[in-house]
Amino acid sequence: MKLSVVGLMILRDKVLLVQRGARVHRHKGEIGLPGGAVEPWETEAEALRREIFEEIGVDIVEEIPIFFGETRTSNSLFRIRAYAIFFGKPPKLKPDGVEVVKIHEVLLSEVLKAPVRWEQLGDRSVPVIRFSKCTVWGATGRLLLKFREWYSGKRVQLSFGEVAPVESQRLSLIHISEPTRPLYISYAVFCLK
């Protein structure tokens, strides 16, 4: 199973979601999070930075991605690890026009509270979350549900253990790469309420 990373970008009271172009290999036209495959020579942090820059023109070198959850896909056979990225000031956004054709700004309050409908897809149920401007489902829906838990102060259960809620990560351990390779930071992460 190939490893992929995605970034949930939070700009004060908004979250950025991207719409995939018609010319991408997988997930044509779907709404999701910016990111992609981790190449063999890259760390997760390097891949996340590269993918976000390629897709929407934002360099996250000065931001601190905070690991909050992971999921797997059955149709594209990826293990997806998700990172929250809090921005103090809005970055300039420039979709590349191929992988990403549009950026949707969704209110953080909507991401945290929008109702979830579960639909049967083959032999599994997938979450469908309808926002005022767009709809997400499948892996993106599962990751947004993990983000809700994490952001609201609950521990998120994962295959390797659990992730501490956002409040406890303000001045402590933050996972940038594999869970066994933590990065310690000495300043607060923006946690917006």
* For residue 134 and residue 53, what is the calculated FRET efficiency with R₀ set at 22 Å and r taken between the beta-carbons, to the nearest 0.05? -> 0.45
* Say R0 is 22 Å: what FRET efficiency, to the nearest 0.05, do residue 154 and residue 12 get from their beta-carbon distance? -> 0.45
* Considering only protein heavy atoms, what per residue accessible area in square angstrom results for the stretch 1-149 with a 1.4 angstrom probe? -> 48
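For the pair residue 1 and residue 102, what calculated FRET efficiency results from E = 1/(1 + (r/R0)^6), where r is the Cβ-Cβ distance and R0 = 30 Å, to the nearest 0.05?
Details: r = 29 Å, r/R0 = 0.97.
Taking R0 as 30 Å, the efficiency between residue 102 and residue 1 is 0.55.
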* Asked: Can you list the residues, at least 5 places off or on another chain, whose amide H is less than 5 Å from the amide H of residue 38, using H built in the peptide plane?
  -> 3, 4, 5
* To do: Past 25 Å, Cα to Cα, is the threshold; run 28/113; 92/154; 14/154; 94/146 against it and keep the listed order.
  => 28/113; 92/154; 94/146
* Amide H within-cut-off set for residue 155, under 5 Å, with H built and near neighbours excluded -> none
* Structure fact -> Karplus-derived 3J(HN,Hα) from phi for the stretch 115-125 (6.51 cos²θ - 1.76 cosθ + 1.60, θ = phi - 60°), whole Hz, x at Gly and Pro, runs x, 10, 10, 9, 10, 7, 10, x, 9, 9, 9
* Read phi for every residue in the stretch 53-58 and hand back ³J(HN,Hα) as whole Hz from Karplus 6.51 cos²θ - 1.76 cosθ + 1.60, θ = phi - 60°, with x for Gly and Pro. => 5, 4, 7, 10, x, 10
* Would you mind checking which residues have amide H under 5 Å from residue 57's amide H? H placed 1.01 Å from N; only 5 or more apart, or other chain. => 94
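The values are calculated or read from the model by the stated rules, or taken from the named source; none is laboratory data. Keep in mind that this is a model prediction, so the values were computed, not measured. Quick reminder, even Gly has a Cβ in these numbers, built from the backbone with ideal geometry, and neighbours come from all protein chains shown. Note: accessible area is taken over every heavy atom of the protein model, side chains too, but ligands, DNA and RNA are not part of it. Shrake-Rupley method; radii C 1.70, N 1.55, O 1.52, S 1.80 Å.
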